[in-house]
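First the structure, in the form of structure tokens, and then the observations on it.
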Amino acid sequence: MSIPSLSNPRSGRQLEGRHVVLFGAGTANDVEKGWSLGRVSDTVHGVGKATALVYARHGAAVTCVDIDLDAATATAELIRSQGGQAFAFGCDATQSNSVKETIEKSLGYNGRIDVLHNNIGITKMGGPVECSEENFDQVIAVNLKSMFLTCKWTLPIMERQAKGAIVNISSFAAVRFTVPWIAYSASKGAVNSLTMAVAAQYAAKGIRCNAIAPGMLSTPMVQSAHKDNHDDLEEMMSSRDNAVPMHWQGEGWDVGEAAAFLASDEARFITGQVLVVDGGSTIMMPSKPWNVAGVAN
């Protein structure tokens, strides 16, 4: 089966002149054990980094934001090395003052914010009994409160502009429950609701808000999360590939291209929607039972 690669620059610049502020633009990168990160495409990045590159390749200036300033800077430098325009900021998106300051600085660079992209997310394993209250609170703060805060400080700017687009990263885990990670699933379900609530309130003001629900992806963070339970990358990745109806995992590039579409005028009549990017996973029954020990398959 031939799988098209999205790691090379794409044609079309439908975001020319737009300014994107992307929270979660860094990549968690772990290459211990000599694991190779390339699979379907020649280059595999995390979702945030790949999405930032896609936005830039479609003509947007990208403000790369991450709690790890070095990671945000690396993404911005990669964009600039490819001829794009990018800035970098460090920010704890669970803290209102930090988000407010970052949004204000981003606005100062470009004079407007056309697209807000929320990519921040973590997961902690465990069901309601196994998951600690501390872990539950942390996941909700990082995955949900961060999006509330970025919307809180960006929406007034977009309202003054009478135009804007927000793209939130959710997950198919909001609607398909294959492993016990109650905090993650609950947070992503709430992201979907937040997306619809914002879309409904601001539709008449020229502001659209949509979400993307990725399925199983091949990213550095996924590989790092599984490295302690697997000695063989190929075995682990093949198992994940076979769990997808299309028999291969998506990549950050797939999410990035979906985001660029939702952020563009091509999606001008789309708001309050959750675009599933999962290779068909949500339309199929799970191939394996739950792992009650709390370890992702």
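Quick note: the coordinates plus some simple rules give every number you see, no bench work behind them. Here the structure is a predicted model, which means the values were calculated and not measured. Cβ placement follows ideal geometry from the backbone for every residue including glycine, while neighbour counts extend to all protein chains displayed.
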Mind scanning Lys105/Lys188; Lys100/Lys152; Lys152/Lys205 and naming the pairs with a C-alpha gap bigger than 19 Å? Lys105/Lys188
Per-residue counts of other Cβ atoms within 10 Å, averaged by peptide: what ranking do you get for 184-192, 79-87, 197-205, highest first? 184-192, 79-87, 197-205
Cβ crowding within 10 Å averaged over residues, with 48-58, 115-125, 64-74, 156-166 ranked highest first: 48-58, 115-125, 64-74, 156-166
For the pair Asp70/Gln161, report the inter-label distance in nm, with labels modelled 7 Å from Cα in the Cβ direction. 3.2 nm
Tell me, what is the FRET efficiency for Met284 and Ala204 to the nearest 0.05, using R0 = 35 angstrom and their Cβ-Cβ distance as r? 0.35
